[in-house]
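Here the structure is laid out as structure tokens; the discussion comes afterwards.
The values are calculated or read from the model by the stated rules, or taken from the named source; none is laboratory data. The model shown is predicted, which means the values in this text are computed figures rather than measured ones. All Cβ positions, glycine included, derive from the backbone under ideal geometry; neighbour counts span all protein chains shown. Surface areas here come from the heavy atoms of the whole protein model, side chains and all, with no ligands, DNA or RNA. Shrake-Rupley method; radii C 1.70, N 1.55, O 1.52, S 1.80 Å.
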Amino acid sequence: MRNILTNLISLQEKTYGSSREAFSVIDVENKKCIGTSWGELRTSVDHMAYALEILGIAPADMVAIIAHNCPEILITDFGCYRNRAVPVSIYATSSPEQIEYIIKDAGARIIVAGSQSHYRAVRTIAANCPSLEKIVTIDPGIKFDANDTTTLRFSEVLELGAVASAACRAEVDLRTADALPEDIATLIYTSGTTGEPKGAVLPHSCFNAALDMHKARFDGTLSDKDTSVCFLPLSHIFEKAWTYFCLSMGMHVAINPNPKQIQDALPLAKPTCMCSVPRFWEKVYSAVQDKIGHMKGLQKALVTRALKVGAKRNLEYARLGLKAPWWLEKQYQFFNKRVFSMVRHAAGLDNGRFFPTAGAPLSANIVEFLHAIGINIVIGYGLSETTATVSCFPDLDYIIGTIGVPLPGVDVKIGENNEILVKGPTVMSGYYRRPDENAKAFTADGWFRTGDAGLFDQNGALVLTERIKDLFKTSNGKYIAPQAIESRLGEDKYIEQVAVIGDQRKYVTAIIIPAFDTLKDYARRKGISFSSVEDLVENSEIRKFIAERIERMQKGLAGFEKIKRFTLLPKEFSIEGGELTNTLKIRRPVINSMYANEIEAMYC
């Protein structure tokens, strides 16, 4: 079996021709998308492949990459694949210490650095990394240190490959021809919520299987007529695997270089699909709910009626593959044109058809709302160790509140402590140079331990209940699943971030980061004076207001699960601050340590 990724770019050029656009880069400032054809991409990949051979990269050598989303990441990836080398992505938000750790752990010989800050970070730690031989910089404006004699610019590397000798080209072609499914395709470093990151070894066989499974699963749903926005970091397995899938399908990929500009980027790219994490949709939901909250009279009644019609038509009929009654369909088409299309337009999703979403729980209320307004959220579940997708919503008969059904070829069962266990060709071969961790990660008969708790419902859909490591027990012996509570509160437009506390405590508390802009608007409307966010979070009226909203959001929870006290903080959790991982997951041990005084005060 040939590796799909090794020759993917050249095969797609033959399929679609040299001039068809393979991808574009979204330029928000100039309001345009700058395209690259399959022919141009294939040439760049070949030149990178030749240059890597000239620079001494051999099969199985590691090439690290730290950059925000850009074409150079893909060019490096596929250049490595032609050499049977291994690209290792590092999150663009990583600290110098994290960069050093991964370079040393992987033994990377070259690192591709995107920006001036990335170059500076790598230069700071390079002397501590004995394997590192060269830095290659992407941004042409990067200023090198005066004593730097080994760094090359990306353009120079491509130029080096463009004039490669016949012997070099023949060697790369030979490596390409000799590529095997068991060759390592990449190391994906886990986010390290509770300890050191580990490099999940994903051989090409994992991607071969994942791409085939997704093609089988989405046959007839997606095609080479679709456009996907590359929004999540390409260092994230979800975006990396999804983008590879899109390229393998011949879809157009629009690369968004700056995640903070996504709302401005979407109208320019006009995507039909895009993978994302729940926080993106929570923000969409909050923005729409905020607008609805400001409506009055007939306008509010119209939108309320529209949502009821949308929910009935899309969830009770379309979801099941049934034709809606003519009167319901007529109402839906009216509201779709007059209400829902404007909401989708405001979100930049006029052409959107398919939005896979994973990485954390997303409230069932938000999923229902999005489907009601015609945004097809496809909830899924996966891990770095499983080449992303384990399960996802099917096209029809999906059950909201679940994480869908396993992909064809992926086996899932529930083990001890309700742990979700996975076996199949997309499961990693192990953690890089971590025999002790591998022994913990797999059962004796080869099932991968996900660390997540779940169950199968009566329809055979998988339900995710909690991250086992996040579960805690109060001093009264009651188990608490913090993510479920945090997901509920995340629906509220006035709440930006939540960390639920209570391990070995007598009751549950929370540290809450308000949505400051929305809260400021509320304070102004109510005549609450403030000069800073510190004033806001300390204001008794604001605290009472948030407390009332928390109580409403907790309706239906058992008494022991409810948040009894909370602390409002004046600044967001961040990657830089250490409270969040690079995949925006909460680092609970860090939060417990950093905010120990605030936590203790809630139990006095």
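Here residue 53 sits with roughly 50 square angstrom of accessible surface, probe radius 1.4 Å. Percent of alpha carbon pairs in the chain separated by more than 34 Å? The answer is 45 percent, as a whole percent.
To the nearest 10, the accessible area of residue 143 is 150 Å² with a 1.4 Å probe. Computed in the context of the full set of protein chains, the accessible area of the stretch 523-589 at 1.4 Å probe radius has 50% of its extent on carbon or sulfur. Ranking 47, 204 by solvent-accessible area of protein heavy atoms (1.4 Å probe, all protein chains present), from largest to smallest, gives 47, 204. In the context of the full protein assembly, residue 105 retains an accessible surface of approximately 20 Å², using a probe radius of 1.4 Å and ignoring ligands and nucleic acids. Annotation: amide H of residue 383 within the under-5 Å range of 388, 390, sequence separation 5 or more or interchain, hydrogens built in the peptide plane. For residue 291, the lysines whose Cα falls under 19 Å of its own Cα, not counting residues fewer than eight places away in the same chain, are 283, 300, 308, 337, 493, 520, 526. Atom-type composition of the exposed protein surface of the stretch 155-249 places 55 percent of the accessible area on carbon and sulfur (1.4 angstrom probe). Just the protein heavy atoms count here, and of the accessible area of the stretch 32-108 at 1.4 Å, carbon and sulfur take up 52 percent. Using just its DSSP H runs of length 4 or more, each adding -39500 (n - 2.57), the chain gives a mean residue ellipticity at 222 nm of -11500 deg cm²/dmol after division by all residues.
Using a Förster radius of 25 Å, what is the FRET efficiency between residue 346 and residue 516 based on their Cβ-Cβ separation? Nearest 0.05, please. Efficiency, from the Cβ-Cβ distance: 0.70.
Hydrodynamic radius of the stretch 1-124 by the Kirkwood approach over all distinct alpha-carbon pairs: 15.5 Å. Based on protein heavy atoms only, the chain ends up with 43 Å² per residue of surface accessible to a 1.4 Å probe.
Backbone phi angles across the stretch 57-67, fed through the Karplus curve with coefficients 6.51, -1.76 and 1.60 (θ = phi - 60°), yield HN-Hα couplings of 6, 10, x, 6, 5, 9, 10, 7, 9, 10, 6 Hz in residue order; Gly and Pro are listed as x.
For a paramagnetic label modelled on residue 463 (point 7 Å from Cα along Cα→Cβ), amide N atoms under 13 Å away belong, within the stretch 389-428, to 399-404. Amide H contacts for residue 61 (H built 1.01 Å from N in the peptide plane; partners 5 or more residues away or on another chain; cut-off under 5 Å): 86. Amide H to amide H, with H built 1.01 Å from N, residue 22 comes under 5 Å of 36, 37, 38, counting only residues 5 or more places away or on other chains. Taking only the alpha-carbon positions of the stretch 46-119 and ignoring solvent, what does the Debye formula give for the base-10 log of I(q)/I(0) at q = 0.22, 0.27, 0.28 Å⁻¹? Listed by q, the Debye log ratios stand at -0.94, -1.27, -1.32. Normalised by the number of residues in the chain, the mean separation of alpha-carbon contacts (under 8 Å, six or more apart) gives a relative contact order of 11 percent.
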